[in-house]
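**Q** The structure under discussion is supplied below as structure tokens; questions concerning it will follow.
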Amino acid sequence: MTLDQLRPHLTGIVRPVARLSIRVGLTPNSCTVLALLAAMVAGTAFWYREIGIGVLFVAINAFFDAIDGAIARELGSAGMTGDFLDHVLDRYADILIIIGIFAGGFASWEIGVFALTGVLMSSYLGTQAQAVGVGRYYGGLLGRADRLVLILLAGIADILFPAGLFTWTYLGIMLLLFGVLGHITAIQRFMHVWRELNRTK
């Protein structure tokens, strides 16, 4: 189970924030774009080893990523266009943040590429489930919300304990986990979709 699956249960918290956001003039698409801009700053900050700034802007990315859909539902404007934009910009945000982390030297490029492929494949399988008619699927070990929380925790750990663990930075350990758990999640999602498709034959 991933944190993404808890979204329906957080309505009582998210809805008031969404209503306040609407009052200050935010729209779903503007939040989606702001989330991407925050990811750009976060990735750049990690690249230059400014971990505190990176962590702050990952948190900002997470906030806008959580609120864009809620605003759309409040406005009654949720639809395929906004969903498409959200998925595309989320993938770019993932790429920018992860590249920033390994380009900043927190992990080798091999670990970085491993993490990136795990993240992209797990996300792809989630949306591909929707494309083939099974419906958007958030199951598996590691979803986007989980990844954002892990980045925040690993970044804070690297600030508090800069020596790392067994010569590894905590952000580097996290990228290794992204690779392993991301590919496991991709397999879990593939198996779910495969079973659902064969069940409907």
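The values are calculated or read from the model by the stated rules, or taken from the named source; none is laboratory data. Keep in mind that what you see is a predicted model, and the values were worked out from it rather than measured. All accessible areas refer to the heavy atoms of the entire protein, side chains included, with ligands and DNA or RNA removed. Shrake-Rupley method; radii C 1.70, N 1.55, O 1.52, S 1.80 Å.
**Q** Is it true that some residue in segment 42-60 is modelled with pLDDT of 95 or more and within 24 Å of Gly139 (Cα to Cα)?
**A** Yes, segment 42-60 has at least one match.
**Q** Among the numbered criteria (1) within 17 Å of Ala42 (Cα to Cα); (2) part of a helix (DSSP H, G or I); (3) of a type outside the set (Gly, Ala, Ser); (4) over 18 Å from the mean Cα position of the chain (by Cα), which single criterion is violated by Thr81?
**A** Of everything listed in (1) within 17 Å of Ala42 (Cα to Cα); (2) part of a helix (DSSP H, G or I); (3) of a type outside the set (Gly, Ala, Ser); (4) over 18 Å from the mean Cα position of the chain (by Cα), Thr81 misses just condition (1).
**Q** Moving on. Would you please name the residue that is modelled with the lowest pLDDT, looking only at residues in segment 109-151 that are open to solvent by less than 50 Å² (accessible area, probe 1.4 Å) and not in a helix (DSSP H, G or I)?
**A** Gly135
**Q** Taking the conditions exactly as written (modelled with pLDDT of 95 or more, in a helix (DSSP H, G or I) and not polar (S, T, N, Q)), does Tyr92 satisfy them or not?
**A** Spelling it out, Tyr92 is indeed modelled with pLDDT of 95 or more, in a helix (DSSP H, G or I) and not polar (S, T, N, Q).
**Q** Within segment 63-100, how many residues turn out to be open to solvent by 30 Å² or more (accessible area, probe 1.4 Å), aliphatic (A, V, I, L, M) and under 23 Å from Gln128 (Cα atoms)?
**A** Total satisfying the criteria: 7.
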